[in-house]
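J.: Before anything else, here's the structure in question.
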Amino acid sequence: MSIITFYESILQYEFLQRALITSVLVGIVCGVIGCFIILRGMSLMGDAISHAVLPGVAISYMLGINIFYGAVVTGLLTAIAIGYISQNSRIKDDTSIGIMFTAAFAVGIIVITLIQSSTDLYHILFGNVLAVPTSEMWMTLIVTVIVLLSVYLFFKELLVTTFDPTMSAAYGLPNKIIHYLLMALLTMSTVASLQTVGIVLVVAMLITPAATAYLLTNNLGLMVFLAAVFGVVASIIGLYFSFTYNLASGPTIVVVASTLFAVAFFLSPKQGVLWRSIRARKKRALVVQSDS
Amino acid sequence: MLDDTLLIQNLHVSYHGNEALRNISFSTKKGQIVGIIGPNGAGKSTLLKSMLNLIPKDKGEINIEGKSIKEMREKIAYVPQRSTIDWDFPITVIDTVLIGTYPKLGLFKRPKKRERERAYECLKKVGMKEYSQRQIGELSGGQQQRVFVARALAQKPELFFLDEPFVGIDVTSEETIINILREQRDEGKTVFIVHHDLSKAGAYFDELLLLNKELVKYGSVHEVCRPEIISKAYHGQLSFLEEMGMTLS
């Protein structure tokens, strides 16, 4: 099936339009938040929170409320618990993350298998963007607006608390509140991505486009923009392959994002492995020449 | 008392239940370059962090121009140790200096043309204007340190705190930085520098604060740089005393 048929199908099928809009929004929101996550060295934290929303999702099902509320509560509680454990014992951050997110994830799986069929669990874990209901699409849109607005309004503060937290604390910024604000945005982005890529692969949408952008620019604003662009490109191309060849949507999107990263990793003009080795070789040749 | 810019009374600080600073009291007049010196583990960084209000104190008062640190914190510039900065961060030299204008901008306001001009001016002062578009990791150690001094200048502070600014930097950068700090001192600003050795203490500092958990001595370089006082802080560290003897003679 060609790109033209994909385009015609989008015009024709409403479920495909919803899938496209939702995955584009997810690409934007994860790319933007992901930049701050990777620059703060918190990629593992992103992984933890995405898994930790599972019990919240399960409990929301049980109570019959929107999964958003339960997910945000358990995601944030886990972030707080991780911080509490590493600050109040000799346990280091990565260990405390490992303990908390597996615990939350295990509880989530138990609860969800108690109340739902296993198909639902599969969709939550791996996403099914072709079955996004309208309500979820709106929720994703709201999350995107909240995240973009927060990052726009607090860009300066996010920049300085990420780059030089000592200075920001010295001039009176509440570093801790900004950290938990970021955790809240991260949790919301994760929940918004559940339908598209699923819990297990959300972290890829958070860190891969951001890392790709990180290789290409020395300007944080531009990095945030590029990460969103890469997120969107991965979503659209991934959705195309997913629809055309009947592949699982989440993994397909993630594979495209990873391919973009690989291209940047080898070909980025400044950081790319290829240009670096060429530059190194040229330099060596020059040294040899001047020796002889 | 009126020209006192910094007044510390009975300061006690502990870290996880371990005493780090005991009963520190001193006051500094305006327009001084003060060196904070002492052996490893003497609490130099802890003192700096308390003066910046970054760690809680057990007891005591810190006043800056008669006000609390909270009221004055926008007027305190901090130059961190180079080792604490992520030099791969996606930020250019000029944007790093621009951060110095953030404290006065407040929430939701972005740096505009006026702030940019100020940042360029400060970059020019440290002789780094032609590097403005470089990523900070592409600079040498001394150049990096000069950029952070430019950032401190952009803040238009009353007090400067520098944590080990001369570690691992070239002679030109060291001279540039000390000359700028002298200029600031002559304009009535107060400069605190945490410094790890005494070799250039006499040349750089007007006053010295010799620390070893408690205040061993605070005074002019001549008052502090005496073998009997220094050995009180560095008891047992013989090699260091020998080095001292050489520089004092």
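Each value in this text was obtained by applying a stated rule to the coordinates, not by laboratory testing. The structure displayed is predicted, hence computed values, not measured ones. Here the Cβ positions follow ideal geometry from the backbone for every residue, glycine too, while neighbour counts run over all protein chains shown.
J.: Hey, what's the Kirkwood Rh for segment B:50-115 if you take every pair of different alpha carbons, in angstrom?
T.: When all Cα pairs of segment B:50-115 are included, the Kirkwood radius is 14.5 Å.
J.: At q = 0.16, 0.24 Å⁻¹, work out log10 I(q)/I(0) for segment A:7-87 with the Debye formula, treating every Cα as an identical point scatterer and leaving solvent out; two decimals please.
T.: For segment A:7-87 at q = 0.16, 0.24 Å⁻¹, log10 I(q)/I(0) is -0.79, -1.10.
J.: In addition: Evaluate peptide A:30-42: per residue, the Cβ atoms of other protein chains within 10 Å of its Cβ; return the mean as an integer.
T.: That average works out to 1.
J.: Given the Cα-Cα distance of residue B:140 and residue B:171 and 0.36 nm per residue of separation, how much length would full extension add, in nm?
T.: Gain on stretching residue B:140 to residue B:171: 9.9 nm.
J.: Tell me, what is the FRET efficiency for residue A:15 and residue A:142 to the nearest 0.05, using R0 = 30 angstrom and their Cβ-Cβ distance as r?
T.: 0.90
J.: What number in nm² do you get for segment B:1-107 if you take the convex hull of its Cα atoms and divide its surface by four?
T.: Average of the hull's projected areas for segment B:1-107 equals 8.9 nm².
J.: What number, in nm² with one decimal, is the all-direction average of the projected area of the convex hull of the alpha-carbon atoms of segment A:126-215? Spell out each step's value before the answer.
T.: Numbers: hull surface 26.7 nm².
Its Cα hull, projected and averaged over all orientations, spans 6.7 nm².
J.: Checking the cross-link filter: which lysines have an alpha carbon closer than 22 Å to that of residue B:125, excluding same-chain neighbours under 8 positions apart?
T.: Partners found: B:75, B:104, B:112, B:113, B:156, B:189.
J.: In nm, what is the difference between 0.36 nm times the number of residues separating residue A:276 and residue A:180 and their Cα-Cα distance?
T.: Extra length available between residue A:276 and residue A:180 comes to 30.7 nm.
J.: Still on this structure, please answer the following. Sort A:167, B:72 so that the residue with the fewest other Cβ atoms within 10 Å of its own Cβ comes first and the one with the most comes last.
T.: In increasing order of surrounding Cβ atoms, one gets B:72, A:167.
J.: Something else: Nearest 10 degrees, 0 to 90: what angle lies between the long axis of helix B:141-154 and the longest principal axis of chain B (Cα atoms)?
T.: Its long axis makes an angle of about 80 degrees.
J.: Treat segment B:120-217 as a sphere of radius equal to its Kirkwood radius over Cα pairs and apply Stokes-Einstein at 37 °C in a medium of 0.692 mPa s; give the translational diffusion coefficient in µm²/s, rounded to a whole number. Working shown, then result.
T.: Values: Rh = 14.4 Å.
Here the translational diffusion coefficient equals 228 µm²/s.
J.: Please express the Cα-Cα pair-distance distribution P(r) of chain A as a list of whole percents, one per 5 Å bin, running from 0 to the bin with the greatest distance.
T.: 1, 6, 11, 15, 16, 15, 13, 9, 6, 3, 2, 1, 1, 0, 0, 0
J.: Additional query: Starting with the fewest neighbours, write out A:62, A:45 ranked by other beta-carbon atoms found within 10 Å of each beta-carbon.
T.: A:62, A:45
J.: Per residue and in Å³, how big is the convex hull formed by the alpha-carbon atoms of segment A:55-115?
T.: It is 61 Å³ per residue.
J.: With the dipole of the protein assembly as shown worked out from charges on the C-beta (+1 for Lys and Arg, -1 for Asp and Glu) around the Cα centre, which of B:64, A:20, B:97 lies farthest toward the positive end?
T.: Farthest towards the positive end: B:97.
J.: Hey, another quick one. By how many degrees, 0 to 90 and rounded to 10, does the Cα axis of helix B:171-186 deviate from the longest principal axis of chain B?
T.: Compared with the principal axis, the helix lies near 80 degrees.
J.: Considering the zone a paramagnetic label at residue B:222 would reach in this model (a point 7 Å from Cα along the Cα-to-Cβ line), which residues of segment B:181-200 have amide N under 19 Å from it?
T.: Those under the cut-off are B:200.
J.: Here's a follow-up. I'd like the projected area of segment A:163-292, averaged over all directions, using the convex hull of its alpha carbons. Report it in nm² with one decimal.
T.: For segment A:163-292, averaging the hull's shadow over all directions gives 12.0 nm².
J.: For the pair residue A:288/residue A:255, report the inter-label distance in nm, with labels modelled 7 Å from Cα in the Cβ direction.
T.: According to this spin-label approximation, the distance is 4.1 nm.
J.: Choose one of A:50, A:74, A:96: the residue whose Cα lies farthest towards the positive end of the charge dipole of segment A:40-139 (beta-carbon charges +1 Lys, Arg; -1 Asp, Glu; about the Cα centre).
T.: A:96
J.: Follow-up question, since we're still on this one. How big is the convex hull of the Cα atoms of segment A:73-174, per residue, in Å³?
T.: 157 Å³
J.: So which aspartates and glutamates can residue B:29 reach, going by Cα to Cα under 18 Å and dropping same-chain residues fewer than 8 places off?
T.: Qualifying aspartates and glutamates at Cα under 18 Å: B:3, B:4, B:61, B:65, B:158, B:183, B:186, B:187, B:206, B:207, B:223.
J.: What residues of segment B:143-167 lie in the reach of a label at residue B:15, counting those whose backbone N is under 19 Å from a point 7 Å from the Cα along Cα→Cβ?
T.: Residues B:162-165 qualify, since their backbone N sits under 19 Å from the label point.
J.: Placing +1 at every Lys and Arg Cβ and -1 at every Asp and Glu Cβ, with all other atoms neutral, what dipole size does segment B:1-108 have around its Cα centre, in debye to the nearest 20? All intermediate terms of the calculation are to be shown ahead of the outcome.
T.: Numbers: 13 positive and 11 negative charges, 42 e Å.
Its charge dipole is roughly 200 debye.
J.: Obtain the nm distance between the two label points defined at residue B:88 and residue B:29 by a simple spin-label model: each point lies 7 Å from its Cα along the Cα-to-C-beta direction.
T.: In this crude spin-label approximation the distance works out to 5.0 nm.
J.: Here is a follow-up. What value, in deg cm²/dmol to 500, does the helix sum -39500 (n - 2.57) over DSSP H runs of n ≥ 4 give at 222 nm once divided by the residues of the protein assembly as shown?
T.: Here the helix-only value at 222 nm equals -20000 deg cm²/dmol.
J.: Here's something else I'd like to know. Percent relative contact order of segment A:213-292, based on C-alpha pairs within less than 8 angstrom and at least six residues apart?
T.: Result for segment A:213-292 is 25 percent.
J.: Still on this structure, please answer the following. Report, in order of residue number, the helices in chain A meeting two criteria: a C-alpha extent of 18 Å or more along the helix axis, and a mean Kyte-Doolittle hydropathy of at least -1.0; treat each whole DSSP H run as one helix. Walk me through the numbers before you get to the answer.
T.: On the way: long enough: A:14-39 (38 Å, 2.03); A:43-63 (31 Å, 1.20); A:67-87 (30 Å, 1.56); A:93-115 (33 Å, 1.80); A:134-153 (29 Å, 1.77); A:175-214 (30 Å, 1.46); A:220-244 (36 Å, 2.19); A:249-267 (27 Å, 1.98); A:273-291 (27 Å, -0.37).
For chain A, where a helix must reach 18 Å along its axis and average at least -1.0, the hits are A:14-39, A:43-63, A:67-87, A:93-115, A:134-153, A:175-214, A:220-244, A:249-267, A:273-291.
J.: Using the Kirkwood radius built from alpha carbon pairs, what does the Stokes-Einstein equation give as D for chain B at 25 °C and 0.890 mPa s, in µm² per second?
T.: This corresponds to a translational diffusion coefficient of 130 µm²/s.
J.: Right, here's the next one. What are the principal axis extents of the Cα atoms in the protein assembly as shown, in Å, biggest first?
T.: So the three principal-axis extents are 88, 66, 45 Å.
J.: DSSP loop (so not H, G, I, E, B), at most 10 other Cβ within 10 Å: list which GluC sites (Glu not before Pro) in segment B:97-204 pass both filters. Please report the intermediate quantities before stating the final value.
T.: On the way: sites: B:115, B:117, B:121, B:130, B:138, B:158, B:174, B:175, B:183, B:187; in loops: B:158, B:187.
Answer in residue order: B:187.
J.: Order by neighbour count: B:15, A:61, fewest other Cβ atoms within 10 Å first, most last.
T.: Result, fewest neighbours first: B:15, A:61.
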